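The structure appears right after this line, and notes come after that.
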């Protein structure tokens, strides 16, 4: 068996993966072996290409439904009431929708919520409410909404922000 | 795939052959691809989400509208600060403008002149904006969805 | 990312759906990339990736916070991926501690690095080969795909590979060598480059 058969597989070792003995023998072999030097150059040339290609394949794919689909496969009973939910003593039983319900009581959204409960519970959307307040850009996603004739409601869902308008058009 | 290189003689030099033309990297592009769809939400009718809107299903189901249809689509390569007009079936206009984009986020402005509504939203690459653009009348309302890098 | 993984795990364990959802979104593409490398088919990789997160959720209680969530979810993903292609498994004839001589003296050494050098024309080749390298990976037998993905995408060390795959370190190294050799031979073919059998080395500078 040639020396190359021993040393070629060591060419892609990382720091600490070879013993000192192996490392020094590898260096000695490399000093005199053009073929292994060329092999080392080849390895360096394609270093990271595979990881890059698979990451790109993942980046190209539309993952917008992925987490929703995962959550839909988990039992709704796994999720507990929102621990951060505080509110007035008369607040609705909590849950991801708890704060939404509490807020909506003051904003005549009861009709909308009736549709929310079964669909959203099954999907376990990560859902919270934000007022239409200016938010800083650049860090977390920001939302600013202003309207002269309509009352905007901002929902931030795991798929992205939604802007709805409270009330109906008749009677503005 | 095009033929690329051919091995040369023993000297090891390589001769160039036809090269693949490569598209410009996204970072150098002045604008970004954006998919804008016009949606109609309705309280009436059998609950149904049109097949082409299923990717928005999670967001749409968070509303009181049970029936969703697509009423228009614009696929644009949006340049910064150049407004794109999106027409609604009732003749109204919605104006969408790309204000800014960074590596993983894009900032849009949505204007609805008829109601003097203006929104500015920054979203991450993976997300979609769903924005109501008409007040509800007769149990129906129009929305636009905006998705950068669809 | 603002909130660290271990805190999200704690919150998810306590029943916080949003925390778990955040973990999914944070790791979904990485998990998919590993699965894709091993199972080849994108739709199967999608299902495997989902299975991995479901399994993670089922085992939240057993996760120990002295290890990393990322390692844990990828380990689960690998396990499910290998299982998904188990019918494909067959023993490798060149899976021995010694490297085959024929793999060494095929005259291919140095061609790829010369072609992929540093000048701009050669960058086009790099892009071309990056586009094709997943095709090359798909043509390798399962054991070679797996060890390459674990090494290159998950970043496992020889020791971790030995442990994960249940083989000695020497076998890890030779299997990796043969996997890379095959991969590079395919890349040479895609690039229209042919090795010169019998050539000892690229002697010139």
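Out of everything in the range B:67-100 that is within 14 Å of another protein chain (Cβ to nearest Cβ) and outside any strand (DSSP E or B), what residue ends up being surrounded by the most Cβ atoms within 10 Å (Cβ to Cβ)?
Per the stated criteria, the residue is B:88.
Being surrounded by fewer than 21 Cβ atoms within 10 Å (Cβ to Cβ) and within 7 Å of chain C (Cβ to nearest Cβ) is the filter; apply it to the range A:62-72 and report the residue that is nearest to the chain's Cα centre (by Cα).
Filtering the range A:62-72 for residues that are surrounded by fewer than 21 Cβ atoms within 10 Å (Cβ to Cβ) and within 7 Å of chain C (Cβ to nearest Cβ), the one nearest to the chain's Cα centre (by Cα) comes out as A:63.
Regarding the range C:10-22, can at least one residue be identified that is at pLDDT below 90 and away from every other protein chain (no Cβ under 13 Å)?
no
Can you name every residue in the range C:145-160 that is buried (at least 22 other Cβ atoms within 10 Å of the Cβ) and in a loop (DSSP other than H, G, I, E, B)?
Listed by number, the residues that qualify are C:153, C:156.
Check whether at least one residue in the range A:39-47 is at the interface with chain C (Cβ under 7 Å from one of its Cβ atoms), assigned to a helix (DSSP H, G or I), over 37 Å from the mean Cα position of the chain (by Cα) and within 18 Å of residue C:178 (Cβ to Cβ), and report yes or no.
Yes: the range A:39-47 contains one or more residues that are at the interface with chain C (Cβ under 7 Å from one of its Cβ atoms), assigned to a helix (DSSP H, G or I), over 37 Å from the mean Cα position of the chain (by Cα) and within 18 Å of residue C:178 (Cβ to Cβ).
Against the conditions (1) at pLDDT below 90; (2) outside any helix (DSSP H, G or I); (3) in contact with a helix residue (DSSP H, G or I) (Cβ under 6 Å, 6 or more places away or on another chain), where does residue A:15 fall short? Just the number, please.
Answer for residue A:15: the failing condition is (3).
More than 9 Å from chain C (Cβ to nearest Cβ), surrounded by fewer than 16 Cβ atoms within 10 Å (Cβ to Cβ), under 20 Å from residue C:155 (Cβ atoms) and under 42 Å from the mean Cα position of the chain (by Cα): does that describe residue A:59?
On the way: more than 9 Å from chain C (Cβ to nearest Cβ): no; surrounded by fewer than 16 Cβ atoms within 10 Å (Cβ to Cβ): yes; under 20 Å from residue C:155 (Cβ atoms): yes; under 42 Å from the mean Cα position of the chain (by Cα): yes.
So residue A:59 does not fit the description; no.
Report the residue count in the range C:169-184 for those that are in contact (Cβ under 8 Å) with a residue 60 or more places away in the chain and either buried (at least 22 other Cβ atoms within 10 Å of the Cβ) or more than 25 Å from residue C:80 (Cβ to Cβ) (or both).
Of all residues in the range C:169-184, those in contact (Cβ under 8 Å) with a residue 60 or more places away in the chain come to C:170-171, C:174-175, C:177-178, C:181, C:184.
Subset that is either buried (at least 22 other Cβ atoms within 10 Å of the Cβ) or more than 25 Å from residue C:80 (Cβ to Cβ) (or both): C:170, C:174-175, C:177-178, C:181, C:184.
Residues that pass the stated criteria total 7.
Just wondering, is there one or more residues in the range B:101-108 that are assigned to a strand (DSSP E or B), within 8 Å of chain A (Cβ to nearest Cβ) and free of Cβ contacts under 8 Å to residues at least 60 places away in the same chain?
Going through the range B:101-108, the residues assigned to a strand (DSSP E or B) turn out to be B:101, B:105-108.
Right, trim to within 8 Å of chain A (Cβ to nearest Cβ) and you get B:105, B:107.
Retained after the next criterion (residues that are free of Cβ contacts under 8 Å to residues at least 60 places away in the same chain): B:105, B:107.
Within the range B:101-108, one or more residues are assigned to a strand (DSSP E or B), within 8 Å of chain A (Cβ to nearest Cβ) and free of Cβ contacts under 8 Å to residues at least 60 places away in the same chain.
May I ask you to verify whether residue C:167 is assigned to a loop (DSSP other than H, G, I, E, B) and modelled with pLDDT of 90 or more?
On the way: assigned to a loop (DSSP other than H, G, I, E, B): yes; modelled with pLDDT of 90 or more: yes.
The answer is yes for residue C:167.
The values are calculated or read from the model by the stated rules, or taken from the named source; none is laboratory data. Just so you know, these numbers come straight off a predicted model, no measurement behind them. Positions of Cβ are backbone-derived with ideal geometry, glycine not excepted, and every protein chain shown enters the neighbour counts.
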